[in-house]
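The values are calculated or read from the model by the stated rules, or taken from the named source; none is laboratory data. Every value quoted in this text rests on a predicted model; they were computed, and no experiment measured them. A quick note on method: Cβ atoms are made from the backbone with ideal geometry, for glycine too, and the neighbour counts reach across all protein chains shown.
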């Protein structure tokens, strides 16, 4: 039986990202290239669309622990805050999207 | 040999109780109306009775003031209700746009002006009496065909409606 996407929680830098509409995790790609220091290249990313609260644009380039639990997910990894997007919709609500890159 | 009248109509067939849901006696009328500065509503032209070939009654979510936004999220637990939130804008049809639309295809030349308001009455199949506003209207002339038209009404939130129900048809008309 498929896993329901319910009770999913995500937080970054200890602050929850609320009212998430969708969350997708893209794992690392390609060879590790013998990395021996923090690196984001090909290390995977997370994209979260939410209606509530989350990191603002001022967090760009900063890293902190990204914790994702629920809905069959259990991730705890350092991640760099990347692009943030806001989408205002006519006669609707504003959606926010934030992208994180994993640090490996 | 007499020349056939392209608008000569074939009588509607009788309602077949064994074919549930077919409502060939559906009658659609629209009474154009206007509202003066005192808010008094009066007729604005003759009653229009359509020879309808197709009718669609649908909900359009973009302009509705009565339907709500789905703001559910993946943090909710299994079994929780869907979360909704009112839309920020209200509709503009009479006492409020219901977000519902009636689109009809018809035979004839009864074009209506966009934004024309009035009373829309549908009897048979669905029963609907409502204030409505024309949102689009078109007439098509084609080779070897009768003149056909299409009109879309947005329906006021104060509509009274029922149906469709099996056997809910009015007596077939022969117009």
Of the residues in the range A:78-92 that are surrounded by fewer than 12 Cβ atoms within 10 Å (Cβ to Cβ) and closer than 16 Å to residue A:48 by Cβ, the one that is nearest to the other protein chains (Cβ to nearest Cβ) is A:87
Taking first residues from the range B:76-92 that are over 22 Å from residue A:88 (Cα atoms) and second residues anywhere that are at pLDDT 75 or above, the pairs with Cβ under 7 Å that are 6 or more apart or on different chains are B:76/A:6; B:77/A:6; B:77/A:7; B:78/A:4; B:78/A:6
- request: For the range A:49-68, state whether one or more residues are assigned to a strand (DSSP E or B), at pLDDT 90 or above and within 26 Å of residue B:69 (Cα to Cα).
  value: yes
Taking the range A:15-29 and keeping residues over 30 Å from residue B:69 (Cα atoms), over 13 Å from the mean Cα position of the chain (by Cα) and free of Cβ contacts under 8 Å to residues at least 60 places away in the same chain leaves A:29
### Task
May I ask you to verify whether residue A:1 is surrounded by fewer than 16 Cβ atoms within 10 Å (Cβ to Cβ) and either within 14 Å of chain B (Cβ to nearest Cβ) or in contact with a helix residue (DSSP H, G or I) (Cβ under 7 Å, 6 or more places away or on another chain) (or both)?
yes
Across the range A:5-21, the tally of residues that are in a strand (DSSP E or B), more than 7 Å from chain B (Cβ to nearest Cβ) and touching a strand residue (DSSP E or B) at 6+ places or on another chain (Cβ under 6 Å) stands at 3
Among residues of the range A:30-48 being at pLDDT 80 or above and farther than 15 Å from residue A:86 by Cβ, the residue farthest from the chain's Cα centre (by Cα) is A:43
Condition set surrounded by fewer than 17 Cβ atoms within 10 Å (Cβ to Cβ) and under 12 Å from the mean Cα position of the chain (by Cα), scope the range B:142-170, selection modelled with the highest pLDDT: answer is B:150
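Every residue, every condition in (1) in contact with a helix residue (DSSP H, G or I) (Cβ under 6 Å, 6 or more places away or on another chain); (2) surrounded by fewer than 17 Cβ atoms within 10 Å (Cβ to Cβ); (3) modelled with pLDDT under 85, yes or no:
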{"residue": "B:39", "(1), (2), (3)": "no, yes, yes"}
{"residue": "B:50", "(1), (2), (3)": "no, no, no"}
{"residue": "B:65", "(1), (2), (3)": "no, no, yes"}
{"residue": "B:70", "(1), (2), (3)": "no, yes, no"}
{"residue": "B:106", "(1), (2), (3)": "no, no, no"}
{"residue": "B:129", "(1), (2), (3)": "no, yes, no"}
{"residue": "B:133", "(1), (2), (3)": "no, no, no"}
{"residue": "B:140", "(1), (2), (3)": "no, yes, no"}
If we keep only residues of the range B:72-91 that are surrounded by 14 or more Cβ atoms within 10 Å (Cβ to Cβ) and more than 7 Å from chain A (Cβ to nearest Cβ), then the residue modelled with the lowest pLDDT is B:91
Problem - Residue check, residue A:75 assigned to a strand (DSSP E or B), more than 26 Å from residue B:70 (Cα to Cα) and more than 10 Å from chain B (Cβ to nearest Cβ) - result: yes
